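Trainee: First the structure, then my questions, so here it is.
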Amino acid sequence: MPAIPILPSRNLDRTAAFYRRLGFDRQRRYPDYLVALHAEFELHFAGGGGDAPILLDPAASTAACYLRTEDADALHRAWQPLDLPRFSIIQDRPWGLREFHFIDPDGTLVRVGHVLQPA
């Protein structure tokens, strides 16, 4: 069973809209919790509602997650036109992964990659 990150959100409606653009179109929304489902991934978000709003400075956030996929190139091509914040080039990394990254509206670093096949 895969691990599912619970990421911070200052505004769950804005978070839902941002991730919906990325294909997380199956969503369950609660007063202070969001579950966002993609064909390959599941992300959870906490905060942004209820009685105790989350205190978060996106510029200082250290939240991050890694989305492992079978084809990072396909997601890079699909998401590149969306003008995502700090959207990087895709590249082969020395640790054996092909990956790219972007930042969500709450400062979470989202890395996306797949395992490189040995030469």
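The values are calculated or read from the model by the stated rules, or taken from the named source; none is laboratory data. Quick caveat, the model's predicted, so the values are computed rather than measured. No Cβ is skipped: glycine too gets one built from the backbone with ideal geometry, and neighbour counts run over all protein chains shown. In case anyone asks, the SASA skips ligands and DNA or RNA and just uses the protein heavy atoms, side chains included. Shrake-Rupley method; radii C 1.70, N 1.55, O 1.52, S 1.80 Å.
Trainee: In deg cm²/dmol, rounded to 500, what helix-only [θ] at 222 nm does the chain give when every DSSP H run of at least 4 residues adds -39500 (n - 2.57) and the total is split over its residues?
Mentor: -4500 deg cm²/dmol
Trainee: Taking R0 as 35 Å, what's the FRET efficiency between Arg29 and Trp95 from their Cβ-Cβ distance, rounded to 0.05?
Mentor: 0.45
Trainee: Follow-up. Roughly speaking, to the nearest percent, how much of the chain's 1.4 Å accessible area is carbon and sulfur?
Mentor: The value for the chain is 54 percent carbon and sulfur by accessible area.
Trainee: Quick check: residue separation of Arg86 and Asp13 times 0.36 nm, minus the Cα distance between them. What number comes out in nm?
Mentor: 24.1 nm
Trainee: Here are several values of Cα extents along the principal axes in Å: [x] 35, 29, 26; [y] 54, 29, 28; [z] 38, 34, 24. Which one was derived from the coordinates shown?
Mentor: Given [x] 35, 29, 26; [y] 54, 29, 28; [z] 38, 34, 24, the structure-derived one carries the label [y].
Trainee: Report the full-extension gain for the segment Ala78 to His44: residue separation times 0.36 nm, less the Cα-Cα distance, to one decimal in nm.
Mentor: Separation in residues times 0.36 nm, less the Cα-Cα distance, equals 10.0 nm.
Trainee: What are the ³J(HN,Hα) couplings of the range 73-90, residue after residue, when phi is run through the Karplus curve with 6.51, -1.76, 1.60 and θ = phi - 60°? Round to Hz, x for glycine and proline.
Mentor: 4, 5, 5, 4, 4, 5, 8, 4, x, 7, 6, 6, x, 6, 5, 9, 5, 9
Trainee: Here's something else I'd like to know. Accessible area per residue, 1.4 Å probe, Å², for the chain: what's the number?
Mentor: For the chain, the per-residue accessible area is 58 Å².
Trainee: If each residue of separation counts as 0.36 nm, what is the full-extension length gain between Arg68 and Arg20 once their alpha-carbon separation is subtracted?
Mentor: Full extension from Arg68 to Arg20 adds 15.4 nm.
Trainee: Same structure again: With +1 on each Lys and Arg Cβ and -1 on each Asp and Glu Cβ, how big is the dipole of the range 66-118 about its Cα centre, in debye rounded to the nearest 20?
Mentor: 140 debye
Trainee: Follow-up question, since we're still on this one. Once the Cα atoms of helix 12-21 and of the chain are each reduced to a long axis, what angle between those two axes, in degrees from 0 to 90 to the nearest 10, is obtained?
Mentor: Relative to the chain, helix 12-21 is tipped by roughly 30 degrees.
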